[in-house]
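The values are calculated or read from the model by the stated rules, or taken from the named source; none is laboratory data. Just so it is clear, the structure is predicted and the values come from calculations on it, not from any experiment. Methodologically, a virtual Cβ is constructed for each residue, glycine included, from the backbone with ideal geometry; neighbour enumeration extends over all protein chains shown.
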């Protein structure tokens, strides 16, 4: 039985950031969140035209766009992430819900970012990690026991097959031959960071989540290997769910008043045990520390 959202969520006290909102489940999440009357809903977009199209989609879908804003940010550019965070802190200064939803899957070959990092590693893991760290103090000052903070990472069921290879974190070895492996690894990183954040923030009135929305046909793939593209699209056409249901599956644990235990992983809205690697505290701490070091080496922290 698919999970369902209530119609009466009131987000009028919540300043929200949702990344990856111009396509797929993110687009539907933006529409749904806008309908719950958020105090501010900030939707970062790399492409200005897509951002404007998203705003028009929200307006024509439910008419609740008065508190929705499109801001520029490119997760493939760490400086852009830092600029976004600084602007948000200076101009808005309060944050209650952060949903790190944006992601990419390279299904054919290695693509490097402006920061000379493999794009899945940066866009799926490192950039949202940076955004979260930069905004943590703002969230801590904004929330209370009555109005807890929420930090969510859209992961994937593929995290079950992920590994954390500290000799290949940047996913450059063997990525061409096993395109799903790099993606699975970064989705496991989402689970690990969500869980570790939950542990670190356990006394801060902040709840963290990692979430598998379900199998959905989206525009997430960033390279077009014809056979792989055909295979994925054919499979998802048969077994996949709609972007709207995927959005509901993702938002349900975050908005539900019942899910107060932090650091948990949810599969289509239902709590589930993740990859056992996420329970290895040595791996967890090492991933956190190395990720911080990479960001410091790039002058981001």
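Below are the figures for this structure:
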{"item": "Residue within the stretch 59-75 that is surrounded by fewer than 23 Cβ atoms within 10 Å (Cβ to Cβ) and closer than 25 Å to residue 287 by Cβ present", "result": "yes"}
{"item": "Elements of type helices (runs of 4 or more DSSP H) in the stretch 178-262, at least 1 residues being within 24 Å of residue 126 (Cβ to Cβ) and modelled with pLDDT under 90", "result": "179-200"}
{"item": "Qualifying residues in the stretch 272-301 (those that are over 30 Å from residue 83 (Cβ atoms) and loosely packed, with under 12 Cβ neighbours inside 10 Å) - the one farthest from the chain's Cα centre (by Cα)", "result": "282"}
{"item": "Count - residues of the stretch 94-145 that are under 19 Å from residue 26 (Cα atoms) and without any contact (Cβ under 8 Å) to a residue 12 or more places away in the chain", "result": "0"}
{"item": "Selection count, the stretch 270-301, where residues are out of contact with any strand residue (DSSP E or B) (no Cβ under 8 Å at 6 or more places or on another chain) and not in a helix (DSSP H, G or I)", "result": "7"}
